[in-house]
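Report on one structure; see the data block that follows.
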Amino acid sequence: MKNYPVEKNQEIEVEILDLSHEGNGIAKVDGYLLFIENTLPKEKIVAKVLKVGNKFGFAKAIKFLETSPDRQELPNEALLRTGIAPLSHLSYDKQLVFKQQQVENVLTKIAKLNVPVLPPIGMEQPFGYRNKAQIPVQKIHGELTTGFYRKNSHTLVPIEDFYIQDPQIDQAIIKIRNILQRFNVKAYNEEAHEGFLRHIVVRRGHHSGEMMVVLVTRKPKFFKGEEIATVIHDEIPEVVSVIQNINEEKTNVILGEFGRVLYGKETIEDQLLGKTFQISAKSFYQVNTEMTEVLYQKAFEMAALQPDDVVVDAYAGIGTIGISLADKVSEVLGMEVIPEAVNDAKANAKRNGVENVHYFVGKAEKIMPQWLREGIQPTVVFVDPPRKGLDASFIETTAAVSPERIIYISCNPATLARDLALFSEQGYETKQVQPVDLFPQTTHVECVVLLQRQ
Ligand code: SAH
């Protein structure tokens, strides 16, 4: 047995030194790190040790001796326990400072870049912003219960007010849950891999108000599925689409491959920067519409778009970036790996009367080399990849295509930093880094970055 300076259940007075990138306070006992939820730097607390690990441990604050002036009143402790809103105890202006520092840290450490990070653009009302909810259901005390998993576990914490979600979505989830309960729909039991309903997914157009409800089930056969869907529409008239999605696997991935319409349409609509977009259940759509509009405008401004520009919209989703900027440039070429999303992108171009955009299904790193061979010469490339960032080969091909400017929209500063370093080796200099806060109360950071060919 190794000796640690603390032991489980010990109560100990500590001072918080720092905030981890997950939003936990960090204290040190004889060099041993303790992570403590709901604490902030400079706070003095009595901590109770919960878990002693090899390299670090976890504790909880049981008494506050000195609190930080940066603390804000916690809307609900469950938001920390579930990780829904891990910064909701920190005042919003300090959340923005925290995010700026996170980006600065990785850019200097990983990318060795010496470029100033602009102060993040924040939200005026930093809550109730999420246009999408993915809510697990479980049977608790015989009732179909909705909420969220406790961090690092699959124990459901019942929650009705999710704080960062559109309140109309919160209301809808309660109504849907009650309808399902009335129809005696069984909750999925993960351990036994039995039962029926796994998740309730709700999306609501921020501008349109249109709602889509996706009921994720373990089996295809849905007793009274259509009837239930109709009742959902009757009780929540904004719901114009109810989809059953079937996920038979033992997996943490929420959506399965196949879905079918139980009520109404296959897509909902929303507006972004004055254009209308249809969105399928499986398509990506930024969860914070208000700040997405700010983000895109910033991105277009950085791109300094000219009428003869040929633009690539890589990782295009439903084509929101390319279609929004199409009027300003000569042509847009986009690619995206999910066929349903490309379908949406094509329909969206048509529906907005935009004729100079072309979307293709495929991986960016596969399609870019084809375009290089075909001699296509984009002047501006937008990339907006998922958390894992860009494929190294994509970076090389993009550099070979040699656009003047690259606009990198990133939801993960660590992979952004890695990729900026690779771009720098290929002769692209990072000019501007602008965080935009798409995810208030959480530790997530979105950035838009301008790269210029040397
Ligand atoms: N630009 C869009 C979508 C960004 S999300 C918007 O602003 O809404 C990232 C998108 O990249 C997702 O739609 C995802 O399906 C897609 N994607 C993931 N890996 C990809 C790859 N290798 N090549 C192309 N698209 C990919």
key: Accessible area of the chain belonging to carbon and sulfur atoms, whole % at 1.4 Å probe   = 48
message = Tell me the relative contact order for the stretch 11-71 as a rounded percent, counting alpha carbon contacts under 8 Å between residues six or more apart.
response = 31
query = How about the stretch 139-234: which trypsin sites (Lys or Arg not before Pro) there are in a DSSP loop, with at most 11 other Cβ atoms within 10 Å of their Cβ?
reply = Lys221
ask   = What is the diffusion coefficient of the stretch 144-279 in µm²/s, taking the Kirkwood radius over Cα pairs and the Stokes-Einstein relation at 4 °C with a viscosity of 1.567 mPa s?
value = 83
query = Where Rh denotes the Kirkwood radius from the mean inverse Cα pair distance, what is Rg over Rh for the stretch 11-71?
reply = 0.92
query = Accessible area per residue, 1.4 Å probe, Å², for the stretch 283-372: what's the number?
reply = 39
request  = May I have the extent of the alpha carbons of the stretch 279-335 along their three principal axes, as whole Å values ordered from largest to smallest?
outcome  = 35, 22, 15
query = Among bridges DSSP assigns within the stretch 132-272, what percent are antiparallel (round to 5)?
reply = 75
key: At least 20 Å along the helix axis (C-alpha) and Kyte average at least 1.6, DSSP helices within the chain   = none
For the stretch 26-164, size of Cβ-based charge dipole, Lys and Arg +1, Asp and Glu -1, in debye = 600
ask   = Which of Ala414, Ala316, His193 sits closest to the plus end of the dipole of the chain, meaning its Cα is farthest towards the positive end, when Lys and Arg get +1 and Asp and Glu get -1 on the C-beta?
value = His193
request  = Report, in debye and to the nearest 20, how large the dipole of the stretch 274-357 comes out about its Cα centre when Lys and Arg carry +1 and Asp and Glu carry -1 on their Cβ.
outcome  = 260
ask   = Among residues other than His206 whose Cβ falls under 13 Å from its Cβ, what is the net charge (Lys/Arg +1, Asp/Glu -1)?
value = -3
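Taking the Cβ of Asn348 as the centre, find all other residues whose Cβ is under 11 Å away and add up their charges (Lys, Arg: +1; Asp, Glu: -1).
Once positives and negatives cancel, what remains is +1.
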key: Zero-based 20 Å bins, Cα pair distances in the chain, whole percents   = 23, 51, 25, 1
message = Defining a contact as two alpha carbons under 8 Å apart and six or more residues distant in sequence, what relative contact order in percent does the stretch 358-454 show?
response = 27
key: Centre separation in Å (Cα based) which lies between the stretch 319-342 and the stretch 153-204   = 34
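Taking the DSSP beta bridges in the stretch 320-454 as the whole, what percent of them are antiparallel, to the nearest 5?
If I count the DSSP bridges inside the stretch 320-454, around 60 percent turn out antiparallel.
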ask   = At what distance in angstrom do the alpha carbon centres of the stretch 92-110 and the stretch 380-395 lie from each other?
value = 22
ask   = Which shape class applies to the stretch 315-377: rounded if a/c is under 1.5, otherwise prolate when a/b exceeds b/c and oblate if not, where a ≥ b ≥ c are the square roots of the Cα gyration tensor eigenvalues?
value = oblate
request  = Give me the accessible area per residue for the stretch 11-71, probe 1.4 Å, as a whole number in Å².
outcome  = 55
task = Treating only the Cβ atoms of Lys and Arg (+1) and Asp and Glu (-1) as charged, compute the dipole magnitude of the stretch 132-272 about its Cα centre; round to the nearest 20 debye.
result = 440
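Express the accessible area of the stretch 132-272 per residue in Å², computed with a 1.4 Å probe while the remaining protein chains stay in the model.
On the way: 6730 Å² over 141 residues.
Heavy-atom accessible area per residue stands at 48 Å².
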message = Within 10 Å of each candidate Cβ there may be at most 10 other Cβ atoms; applying that plus a DSSP loop requirement, which GluC sites (Glu not before Pro) in the stretch 61-93 survive?
response = Glu73
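The values are calculated or read from the model by the stated rules, or taken from the named source; none is laboratory data. Values in this document were obtained by computation on a predicted structure and should not be read as measured data. Positions of Cβ are generated from backbone atoms using ideal geometry, with glycine treated the same way; all protein chains shown enter the neighbour counts. When the accessible area is computed, the model is the full protein with side chains, heavy atoms only, and any ligands, DNA or RNA have been set aside. Shrake-Rupley method; radii C 1.70, N 1.55, O 1.52, S 1.80 Å.
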